[in-house]
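Worksheet: one structure, shown below.
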Amino acid sequence: MVLSLILSKLAEWLLYQLLANSLYKAAKNIKNYPIFQLFFKTPSPKSTHQATPPPSTNLAKTHSQNLASKTLVFDINTLLLTSHDHQEDDPFFPYFMLVAFEGGSILRAFLLLLSYPFLWVLGNYELRLRVMIFITFCGLKVKDVESVGRAVLPKFYLENINLEVFELLEKVGRKVLFTSLPKVMVDRFVKEYLKVDDVVGTEIQTIGPFFSGLLQRSGMVVKHKAINEYFAEELMVDVIGVGTTSFHDHLFLSLCKEGYVVTKGSGNSRLPRDKYPKPLVFHDGRLAFLPTPMATLAMFMWFPLGLVLAILRLAIGILLPYKLAHLVSPWTGFRLTFKGTTLDHTTSNPDQGPIRSQKAKGVLYVCSHRTLLDPVMLSVSLAKPLTAVTYSLSKMSEIIAPLKTVSLTRDRNRDGKTMERLLSEGDLVVCPEGTTCREPYLLRFSSLFAELADEIVPVAVDTNVRMFYGTTARGLKCLDPIFFLMNPRPCYYVNVLGKLPREETCAGGKTSFEVANQIQRQLGDALGFECTGFTRKDKYMMLAGNEGVVDACRTH
């Protein structure tokens, strides 16, 4: 019943748009082609049908003005996001693609990509937006889209914010966003990062917990009409606007007391990371690039080859000896950079078994945590077998791991006994952050490891990918190694630092918290990362809305 209602409304809308509206606009576009202007050229006075220019000034003039008492109206999809030459026709396409891929599936993302040539031919802004909204949102759960808006989109928005517009936003007292984009795509970001007071955006119909893909009765937001309605009972003396040179922006800027225009050639610099309104410590999603139409096409063309390459790289790591795997893996495009030396009393010959110290205890390697492959890369770099402990590991990751893995329980006493037993058997790898972090930050270190060993070796680990992230908070954790190895040229950096002096361990009188904080600072300095007090719980509460205690196949 619901499906038939949706299809009937969609058919009625398409009939109007395609047969009535689109054909008329297509005829107008054809008439404007140079060859047809020879036959259809009609003189028109310069004073006729000319948009009234808004009372605009350059953004640079706002540096010396006091705007604390002003209200600013703006549009995120044309102003806050720095425009790219390759996406001028559809500056919003990459963000719909992120929702389709991360909130939906790879099949939905492929369907959206296939629709792009059709959207390009249509040439109608509103029609293109309606079609993309339907393809992207139809059938998606509301909570999944909200999760993408909370955990995925902010990273890409921040990386494309126009610096001058951001500086203007910082000066005004009240900020109101008017956009034709779906409100659910921008609401969380602008309120949390930009401190926007209100958002007026396009609303999508819902059927129970799902989006229908159709717009609500209010339709798509038209900025100048929405501004008139929003400020109907207020004087617009203190309202200023910021926009581009487009006709639609001229309409809404003309309603403002004062307008600021962002031109294509001036001040289009991105907001640097050190000026972010709040640090971007956590984000989620598989895609590591902004999925413009051409970049998305390249990803889908690479996907089959990348999957084969990932299986090949996985087989090399599992089947070949450490040294041979290290030599062969660069031929597949995988780059492992190792820095540092092994301890004086250790050997790199795996045939001699686990390395023992003079106290019959193994060495405890303390790593920063970037992906599930961190212990594997350390083992390959040292060319010796190690045991890794982790808080949660999927069965697939446990099966394919080329080293011994042991899961911890988050019970401090039980985990302490488990790690002591493993240290008595050989060398051990631990990632005291308890979860991965993609950005240049280190999370708070658990102090348990410092109580168990006197021979502690900090290991700085970092990765670099261009296409897929090998970590996730909401998706299937068992696919993390596959996605990381599917990158065209994944890079791993392993730096084994010197053994911690005895006087800086618990045996030298330090508390376990002091040791943990010392190693965190040491690894942060080696990597150029900032140390934070965030924990695994903080990460999952922000990205997934839970404490991270869920099925092992989905968490880490």
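Listed here are the residues, each with its yes/no results for (1) within 28 Å of residue 144 (Cα to Cα); (2) over 25 Å from the mean Cα position of the chain (by Cα).
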| position | (1), (2) |
| --- | --- |
| 502 | no, yes |
| 508 | no, yes |
| 515 | no, yes |
| 523 | no, no |
| 528 | no, no |
| 542 | yes, no |
Matching residues, segment 284-302, being assigned to a loop (DSSP other than H, G, I, E, B) and among the β-branched types (Val, Ile, Thr): 292
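Suppose we filter 162, 124 for residues that are modelled with pLDDT under 95 and within 23 Å of residue 71 (Cα to Cα); which single one remains?
162
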Filtered residue count, segment 132-146, keeping only those that are open to solvent by 10 Å² or more (accessible area, probe 1.4 Å) and assigned to a helix (DSSP H, G or I): 6
Lone unmet requirement of (1) farther than 25 Å from residue 515 by Cβ; (2) at pLDDT 95 or above; (3) more than 16 Å from the chain's Cα centre (by Cα); (4) open to solvent by 30 Å² or more (accessible area, probe 1.4 Å) for residue 492: (4)
Residue 111 being at pLDDT below 95 and assigned to a helix (DSSP H, G or I): no
The one condition in (1) modelled with pLDDT of 95 or more; (2) charged (D, E, K, R); (3) closer than 20 Å to residue 299 by Cβ that residue 141 fails to fulfil: (3)
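If only one of 421, 410, 335 is open to solvent by 20 Å² or more (accessible area, probe 1.4 Å), under 30 Å from the mean Cα position of the chain (by Cα) and modelled with pLDDT of 90 or more, which one is it? If you could, list the steps in order and put the result at the bottom.
On the way: 421 fails: under 30 Å from the mean Cα position of the chain (by Cα); 410 fails: modelled with pLDDT of 90 or more.
None of the others qualify; the one that does is 335.
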In segment 176-219, the residues that are in contact (Cβ under 8 Å) with a residue 12 or more places away in the chain and under 16 Å from residue 135 (Cβ atoms): 181, 182, 184, 185, 202, 204, 210, 211, 212, 213, 214, 215
Residue match in segment 388-409 (condition: of a type outside the set (Gly, Ala, Ser), over 17 Å from residue 539 (Cα atoms), in contact with an Asp or Glu (Cβ under 6 Å, 6 or more places away or on another chain) and not in a loop (DSSP other than H, G, I, E, B)): yes
Test: residue in segment 219-240 that is within 22 Å of residue 140 (Cα to Cα), out of contact with any helix residue (DSSP H, G or I) (no Cβ under 7 Å at 6 or more places or on another chain) and open to solvent by 10 Å² or more (accessible area, probe 1.4 Å): yes
Subset of segment 431-478 (residues that are buried (at least 18 other Cβ atoms within 10 Å of the Cβ), in a helix (DSSP H, G or I) and hydrophobic (A, V, I, L, M, F, W, C)): 449, 450, 478
Search result, residues across segment 536-556 that are part of a loop (DSSP other than H, G, I, E, B), open to solvent by 40 Å² or more (accessible area, probe 1.4 Å) and at pLDDT 65 or above: 545, 546, 547
Pairs where the first residue, in segment 461-478, is among the basic types (Lys, Arg) and the second is in a strand (DSSP E or B) and at pLDDT below 95, C-beta under 8 Å, 6+ apart: none
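The values are calculated or read from the model by the stated rules, or taken from the named source; none is laboratory data. Since we're looking at a predicted model, the values are computed, not measured. Cβ sites come from the backbone with ideal geometry, for glycine too, and all protein chains shown count toward neighbours. Note: accessible area is taken over every heavy atom of the protein model, side chains too, but ligands, DNA and RNA are not part of it. Shrake-Rupley method; radii C 1.70, N 1.55, O 1.52, S 1.80 Å.
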